[in-house]
Structure formats: C-alpha cells, structure tokens
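Enquirer: Before we start, here is the structure in question, set down as structure tokens.
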Amino acid sequence: MVVKGPGKGHFLKLGFGQNSIGRSASERVCVDFGDGQVSRVNHATISYDPRGNQFYIQPGSGTNMTYLDNQPAPVLQPMILPAFSHISIGETTLRFVPLCGENFTWESMEED
C-alpha cells in the first residue's frame, strides 16, 4: 500500500512470481500517481518464492534507487523482503503487507 507520496492511500496487488514495479501501465505493479522519480519500467522487482515461502526485493533496470526501511544504503542486490517493510522509490513509500507467510500459503489451500 502507498503510505507516502502522491498515491497515498492506494493499494497495489502483487502476483505469484516476479512483480516488476514502475510507472508504465505495462508493469505488473503500476505506480503511476505522479511521482516522476519512479522509473517508468522496472524500478524494482518483488518476487515470491513458493518453495521457501519467502519474498525478495531486488533493484530493477531503471536508473533510480530503491531503499528499504529508511536504510542509508540502497537495495543493490536481491535481498529478503520482511513483512511490513517500507520500500522507498522516488518520493513514494510503499508498505509491504504480504498475504503469504508462515500462517498461509497457496499450496496449503490446495491441500485442504
């Protein structure tokens, strides 16, 4: 969900697998709320690994940086994305609220 910036109050859905974030409508996660500092294409990518039931964030191919939880250093390589982390891209801050985690996986739904 967008917690700071032009799109404050909007929520963005992530899908299974790789989720590219950018301003373009072609991005799986379109963050086009008027923040020109968000790269148009592939600012960052959030991935879900069903085997490990874990989310990861990695930098995209855009020229702008991505920051996690107000850390001074940007995300420069794939790293675990903890639940409820804050992701800063441009002037926009997103809060990561996962559905999948230790209490729920899509695979567990198939077993029921």
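What follows is calculated from the coordinates using simple rules that are stated; it is not laboratory data. Please read all numbers here as calculations on a predicted model, not as lab measurements. A quick note on method: Cβ atoms are made from the backbone with ideal geometry, for glycine too, and the neighbour counts reach across all protein chains shown.
Enquirer: Can you name every one of the strands (runs of 3 or more DSSP E) wholly within the chain that holds 2 or more residues which are touching a residue at least 40 places away in the same chain (Cβ under 8 Å)? Can you show your working first?
Expert: On the way: elements: 2-4, 18-22, 44-49, 54-59, 66-68, 86-89, 92-95.
Hits in the chain: 2-4, 18-22, 44-49, 86-89, 92-95.
Enquirer: Tally up the residues in the stretch 41-51 that are crowded, with 16+ Cβ neighbours inside 10 Å and more than 30 Å from GLU102 (Cβ to Cβ), please.
Expert: The total comes to 0.
Enquirer: When you go through (1) within 20 Å of PRO6 (Cβ to Cβ); (2) over 13 Å from the mean Cα position of the chain (by Cα) one by one for PRO74, which number turns out not to apply?
Expert: Here PRO74 clears every test but (1).
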